[in-house]
Amino acid sequence: MFIETETTPNPATLKFLPGRPVMSAGTLDIRDAEGARQSPLAQALFALEGVRGAFFGADFISVTNDGGDWSDLKPAVLGAIIEHFLSGEPLLTPEAEVSAGGDEPEFFAEADAEAVEAIKQLIETHVRPAVAGDGGDIRFRGFRDGIVYLAMKGSCSGCPSSTATLKHGVQNLLKHYIPDVRAVESI
């Protein structure tokens, strides 16, 4: 089994591409050992000293370290991923809480429903694919007083360049197509 790795804009996160599907639907963002109980692979990753987060996407796994050197941790992460896929174990336990995007509460006024649909469409078609390319995910959370609220996950959560992505990329895109949008904020 060959696993490609890619750097992400977040220096604490590496993206691992096992060359096969990881999640058949949704995503899973695991931020601690307690959350890792949802997946045998996540448990193996969090057993490694220095792992601080794991994010499972459709065809990738993003792993965040505690700020240490990747040269020591990367081989161990690769080993854990290979061992998991070769074992034939399921990725998730039956209790896993997979995010399909609709599980987090959204907020917006009914009068803004049309603008919200346009915002969501732009996020799905233009923003999410680019963010997934960097090992993360982005989800609509709300719209109030011209401000779009988005949740950043995976390598995007806590990434030093996520503010620039939101303000210069996503905000400019949404403002261009939807006049009601004044700003974008991460929550």
Point to revise | Among (1) touching a residue at least 24 places away in the same chain (Cβ under 8 Å); (2) closer than 25 Å to P129 by Cβ; (3) of a type in the set (V, I, T) - the single one T7 does not satisfy | key: (1)
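Residue by residue, here is whether (1) surrounded by fewer than 13 Cβ atoms within 10 Å (Cβ to Cβ); (2) of a type outside the set (D, E, K, R) holds:
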position: P40; (1), (2): no, yes
position: E49; (1), (2): yes, no
position: V63; (1), (2): no, yes
position: P90; (1), (2): yes, yes
Practice item. Just need a number here: residues in segment 16-30 that are on the phi > 0 side of the Ramachandran plot and surrounded by 17 or more Cβ atoms within 10 Å (Cβ to Cβ). Key: 1
Practice item. Select, from A44, A33, A76, the only residue that is crowded, with 18+ Cβ neighbours inside 10 Å and free of Cβ contacts under 8 Å to residues at least 60 places away in the same chain. Key: A44
Review point. Is segment 113-125 home to any residue that is in contact with a Leu (Cβ under 6 Å, 6 or more places away or on another chain) and either without any contact (Cβ under 8 Å) to a residue 40 or more places away in the chain or among the polar types (S, T, N, Q) (or both)?
Key: no
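Read-outs: derived from the displayed coordinates by stated rules, not from any lab. In this text, all values refer to a predicted model and were calculated from it rather than measured experimentally. Note that each Cβ is placed from the backbone with ideal geometry, even for glycine, and that neighbours are counted across all protein chains shown.
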